[in-house]
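Worksheet: one structure, shown below.
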Amino acid sequence: MITYLRNGALAGLAGGSAMAVALHLLGEPSIRHALDIEAASSTGKEGAEMYSRGTQLAGGSLALLLYGAAVGAIFGVVFAAVRHRSRLRTDFERALGLGAVAFGVLVLMPALKYPANPPAVGDPATVGQRTVAYLTLVAISCVVAIGAWRGSRYLRVRGSSDHVRISAVAAGYVAAIALAYVLWPGNPDAVDVPATLIWRFRLAAIGGAAALWSVLALTFGWLSVWSSRTAGANAGEFHAAR
């Protein structure tokens, strides 16, 4: 387990770095535009900002590194728990598969209901409401994904053919997610900034998350291969010494 935690944390650091670079390159222009709009709408209402944009970027990059390391460690624990149940052949393929699932469940599914908005959008009074709605939707996304995985295993054990099993699981998953979209409340805040700004920011947010999960999964896969080869070499040397 220590190896999985170490590899996960290292892979998470790489993923966090990739996310920081992606958000800086893709999202910073949209963020600055949004901040200009926000500043113009609040002229004379507030004093000068406490920290410069450069300081905010440095702090944000550090936060993304720490976030990536934490996510990577959790990724390593989950990988260790499910690797022997995967039908993929190698740890490298399993890492890529788990990363793709995590991106879909934790990023894409919630983002379709609650897409990211730039700083100029959002009433501070609704932060708590929006946070609770988003986090509970993420939790539901995880529950539905686990249910789909268990359902697929159950049907496979029962001898269902792949085309029946996959169709049934996909239909159940889509129905459950659609029901969650209907039941969960919409965004309470009006979006009154240019549409181009909104979509550029949202695409940048998705791109940053994609950078995190793709680099994390790739790095973890390579580290897993390296760890396996190292363990095999050490075991061979031990037996030779005996």
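The values are calculated or read from the model by the stated rules, or taken from the named source; none is laboratory data. Since we're looking at a predicted model, the values are computed, not measured. For neighbour counting, all protein chains shown are included, and Cβ atoms are generated from backbone atoms with ideal geometry for every residue, glycine included. We work out accessible area using only protein heavy atoms, side chains counted, and drop any ligands, DNA or RNA first. Shrake-Rupley method; radii C 1.70, N 1.55, O 1.52, S 1.80 Å.
Table for the structure above
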read-out: Dimensionless Rg over Rh [the chain; C-alpha; Kirkwood]; value: 1.06
read-out: For the range 125-177, the spread of Cα positions along each principal axis, largest first, Å; value: 53, 15, 9
read-out: Debye intensity ratio I(q)/I(0), log10, the range 95-184, q values 0.18 Å⁻¹ (C-alpha model); value: -0.86
read-out: Candidates S86, S161, S30, ranked by Gaussian network fluctuation over the chain, Cα under 10 Å, top entry; value: S161
read-out: Cβ charges +1 (Lys, Arg) and -1 (Asp, Glu), total dipole of the chain, debye; value: 1280 debye
read-out: Using alpha carbons only: equivalent-ellipsoid semi-axes of the range 160-200, gyration tensor based, whole Å; value: 36, 15, 4
read-out: Surface accessible to a 1.4 Å probe, per residue, for the residues of the chain, Å²; value: 59 Å²
read-out: Accessible surface of the chain, 1.4 Å probe, proportion on carbon and sulfur as whole %; value: 68 percent
